[in-house]
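Read the structure below first, then the notes.
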Protein chains: 2
Amino acid sequence: MNIIGPTLIVSKNLVLKNINKIKSKAEKNGIRFRPHFKTHQSAEIGEWLRDLGVNCITVSSIRMAECFAKVGWTDITIAFPVNLLEIKKINKLAKTIQLNLLIESIEAARTLEEKLKHSVKVWINIDTGYHRDGIEWNKIERIIQIASYIHNAKKMHLTGILTHAGHSYKAKTRTEILAVHEDTINKMVQLQEELKLEGYNNLQISVGDTPTSSVADDFSLVDEIRPGNFVFYDLKQVQIGSCSEEEIAIRLACPVITKYDERSEILVDGGAIHLSKDFIVDEEGRTIYGYISQPLDKEFSKVKNTYVSAISQEHGTIKTNNKNFFQKINVGDIIYIIPVHACLTTNLMSKLTTLSGKEIQATCK
Amino acid sequence: MNIIGPTLIVSKNLVLKNINKIKSKAEKNGIRFRPHFKTHQSAEIGEWLRDLGVNCITVSSIRMAECFAKVGWTDITIAFPVNLLEIKKINKLAKTIQLNLLIESIEAARTLEEKLKHSVKVWINIDTGYHRDGIEWNKIERIIQIASYIHNAKKMHLTGILTHAGHSYKAKTRTEILAVHEDTINKMVQLQEELKLEGYNNLQISVGDTPTSSVADDFSLVDEIRPGNFVFYDLKQVQIGSCSEEEIAIRLACPVITKYDERSEILVDGGAIHLSKDFIVDEEGRTIYGYISQPLDKEFSKVKNTYVSAISQEHGTIKTNNKNFFQKINVGDIIYIIPVHACLTTNLMSKLTTLSGKEIQATCK
């Protein structure tokens, strides 16, 4: 592979391993595996999932739904509360595929029923503690009001209750992730039962961010999981406790531009328009935009005492106290950065390159 | 204009005003105005600059240089230390346009001389305090070594010394920006004189980030300025003291998805893949991903006590203590976000829409 500028490398083997891990967990629990495609946004990687038996997917926008419908996906959930301004696109899509939408307000339910031309499945979006979107799980009256409206509607079929427990991203250990998982399941099951008492039977439960899907084993009380990041994983997921560094399936390959002996820093061609500005804070309080590893076709090892310490639009600064590494690196070499946030990095790069050199378009834009 | 999803709106009037402000400053000082095109990455906005008399430009990558060479720019500086792995592309470009490169190591100078097929102009990249890239301004011996090598080279023409005083971005007032400006000019002029003593006459000085170009008036001792962000400006520039909020020429228009009465928050369709994750910290220590204003075709006013408090991949959360604003906003309305970082937002959006509804491709990808 002839790398001359920032290049996003992906290991298909690691991706397949990551997919199989979650897929077999779903199978053991006898539940639906509906992976989120926002992380890779790639028709090709979609095929890797399809080849392993996946037949329904999650996306985060109508744009992505259109993109994946075009390449043959026929059962798509847009896991973003419905944007009513996109009704024309929704109608167009609902005509040809099984479209599943999220509703979290009575206004949205009313407008949708009024303007829909084709039937859709609807999930009520529930907030189980993340407080980003959804109706708080214990606002029973409001949830019943919406359930009742949808139940009586003609073009909407009430499928179930759905949550994204994004507060799992604040975890720092597997134990904390498991606590979020347990709490989420408890709340969703309790809500499901309360709705059953009101006569809403057979409502399904959809959960499953990457941290809980990766760490928890028992999903027997839910009907589907929708993780996305797990195909690649990243440093944020390692910090949370979702995965090991060895499982991260992508690297940003960056040419070395200059070495600064006086401050043990290396400038690389690769910055915020490649990695994004997302960061983690390490145990010493340092802001980390990435770590450095061997290329993906070598055995995993992380360069010690070395990290991406600063990024601007196209510049990346690597700080190291590792004299051996610093001495060996030369201007014109390639450095492999483990990204902090795989979804944003992939969205920015728009293209991935496999270890065999095959280029994969990554963005449904 | 029919907005149904996140849309980046630009006011051509404000852009032209911003351009004229800096351009007239360059003219008053009798110096070259070489605007940085990394902020807009747009052939069309390039034409707005060309129509105002601009004939030489700055970019931050060979990719951008190729893109703007294609649309008729013939004098381009790549303000990024030369990436030697891109030598084929450099040669191709240097054949057809006046290409100006940055050098900051003797290794780069040697490799370039060996592999160049066409002549280029070369600037020595100087670090005047930002410590991201460049040779520290007072490492005279090293600078002279490189100057000497380039001076004797056949395919490189030594043009001058160049710096990006990016530490101006750490300023919090106009006074602090002016201090960075004065210090930068002093260092560059001192270096120019030391090089003159060594026989390197007529070396030019290139400076000019957006903060110093916007605030300082006296550029009489330098030869060119290269600001980029000033075409749009953003909240970061306001916080530094470079501009007023009224001068910011872009807004991310985002549909309102849901209102959460219990926590006075509004969910919009618009997140990290539209705005980037860049943020400012306000006086109360809050992380701000954007403020809210009237649309760009209305008189400027900012919505008080309201800000983008959180973003994930496609979700934006607007927090408000402004009851009047919260009451008036409805699901399906459009909210106009003033971005924190215009360059990253524009790079992500790839497309701008003018107030008259014209779509402008923004990315030379």
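Here residue A:245 yields copy-to-copy label distances, from shortest upward, of 4.4 nm, the label point defined as 7 Å from Cα along Cα to C-beta.
Rounded to the nearest 20 debye, the dipole size of the stretch B:12-232 about its Cα centre is 820 debye, using +1 on the Cβ of Lys and Arg and -1 on the Cβ of Asp and Glu.
Note that the stretch A:341-352 has calculated 3J(HN,Hα) couplings of 9, 4, 5, 5, 5, 5, 4, 6, 6, 6, 8, 10 Hz, one per residue in order, obtained from phi through the Karplus relation 6.51 cos²θ - 1.76 cosθ + 1.60 (θ = phi - 60°); glycine and proline are x.
List the aspartates and glutamates whose Cα lies under 14 Å from the Cα of residue B:155, skipping any in the same chain that are fewer than 8 positions away. Reachable aspartates and glutamates: B:113, B:114. Counting only Cα atoms, the stretch B:245-361 measures 40, 27, 26 Å along its principal axes, largest extent leading.
In sequence order, the stretch A:221-228 has phi-based couplings of 8, 10, 10, 7, 10, 10, x, x Hz under the Karplus curve 6.51 cos²θ - 1.76 cosθ + 1.60, θ = phi - 60°, and Gly or Pro positions carry x. Each other copy holds its own label point for residue B:71; taking that point as 7 Å from Cα along Cα to Cβ, the gaps run 2.9 nm, nearest first.
Taking one quarter of the surface of the C-alpha convex hull of the stretch B:12-232 gives a mean projected area of 11.2 nm². Given R0 = 22 Å, the distance between the Cβ atoms of residue A:198 and residue A:95 translates into a calculated FRET efficiency of 0.10.
Legend: calculated FRET efficiency, residue A:117 to residue A:55, from the Cβ-Cβ distance at R0 = 35 Å, rounded to 0.05, equals 0.85. Multiplying each eigenvalue of the alpha-carbon gyration tensor of the stretch A:113-204 by 5 and taking the square root yields semi-axes of 27, 14, 10 Å, largest first, rounded to whole angstroms.
Averaging 1/r over each pair of different alpha-carbon atoms in the protein assembly as shown and inverting the result gives 27.0 Å, the Kirkwood hydrodynamic radius. Counting DSSP beta bridges in the protein assembly as shown, what percent are antiparallel, to the nearest 5? That works out to approximately 50 percent antiparallel.
Dividing the Cα radius of gyration of the stretch B:1-125 by its Kirkwood radius returns 1.05 for Rg/Rh. Most fluctuating residue of A:336, A:307, A:200 in a GNM of chain A with Cα springs under 10 Å: which is it? Highest fluctuation of the listed residues: A:200. Let me know the whole percent of all Cα-Cα pairs from the stretch B:94-141 that are separated by more than 17 Å. Roughly 41 percent, once rounded to a whole number. Per-residue Karplus couplings for the stretch B:138-146, computed as 6.51 cos²θ - 1.76 cosθ + 1.60 with θ equal to phi - 60°, are listed in order as 9, 8, 4, 4, 5, 5, 5, 4, 5 Hz, Gly and Pro entered as x.
Compute the angle between helix A:87-96 and the longest alpha-carbon principal axis of chain A, please, reported from 0 to 90 degrees and rounded to the nearest 10. Roughly 80 degrees, rounded to the nearest 10.
In a DSSP loop and with at most 16 other Cβ atoms within 10 Å, the GluC sites (Glu not before Pro) in the stretch B:246-307 are B:283, B:284, B:299. By the compact-protein rule of thumb, 2.2 N^0.38 Å, the alpha-carbon radius of gyration of the stretch A:232-273 corresponds to a ratio of 1.54.
Placing pseudo-labels 7 Å out from each Cα toward the beta carbon at residue B:154 and residue A:154 gives an inter-label distance of 8.3 nm. Over what distance in Å are the Cα centres of the stretch B:207-275 and the stretch B:46-117 separated? Distance between centres, Cα-based: 27 Å. How large is log10 I(q)/I(0) at q = 0.12, 0.14, 0.24 Å⁻¹ when the Debye formula is applied to the Cα atoms of the stretch B:16-73, each weighted equally and without solvent? Log10 of I(q)/I(0), two decimals: -0.27, -0.36, -0.98. Taking 4.7 Å between beta carbons as the limit, the unpaired Cys residues of chain A are A:56, A:243, A:254, A:343.
Between the beta carbons of residue A:294 and residue B:309, assuming R0 = 45 Å, the FRET efficiency works out to 0.70 to the nearest 0.05. Restricting attention to the stretch B:245-361, the count of lysine pairs at 8 or more positions apart or across chains with alpha carbons under 20 Å apart stands at 16.
Only one residue of A:288, A:39, A:4 has its Cα farthest out toward the positive end of the dipole of chain A, where Lys and Arg carry +1 and Asp and Glu -1 on Cβ, and that residue is A:4. By Cβ position, the chain B residue that hugs the axis carrying B onto A most closely, with its distance in whole Å, is B:277, 2.
Just rank B:236, B:302, fewest to most, by other beta-carbon atoms within 10 angstrom.
Working: B:236 20, B:302 13.
Fewest-to-most ranking of B:236, B:302: B:302, B:236.
Per-residue mean of foreign Cβ neighbours for B:80-88 is 6 (Cβ atoms of other chains, 10 Å radius). Rounded to the nearest 20, the Cβ-based charge dipole of the stretch A:245-361 about its Cα centre (Lys and Arg +1, Asp and Glu -1) stands at 180 debye. A crude spin-label estimate for the pair residue A:24 and residue A:139, with each label 7 Å from Cα along the Cβ direction, gives 4.2 nm. A point 7 Å from Cα along Cα→Cβ stands in for residue A:198, and the other copies hold the same point at 7.8 nm, listed in rising order. Please give the Cα centre distance for the stretch A:120-137 versus the stretch B:328-365, rounded to the nearest Å. Their Cα centres are 28 Å away from one another. Cβ crowding within 10 Å ranks B:291, B:149, B:233 as B:149, B:291, B:233, fewest other Cβ atoms first. Name all residues of the stretch A:265-295 having a backbone nitrogen under 18 Å from the label point set 7 Å from the Cα of residue A:323 along its Cα→Cβ direction, giving them as ranges. Residues A:265-266 qualify, since their backbone N sits under 18 Å from the label point.
No lab work stands behind these numbers, since they all come straight from the coordinates. None of the values given here were measured: they were computed from a predicted structure. Note that we place each Cβ from the backbone using ideal geometry, even for glycine, and neighbour counts take in every protein chain shown.
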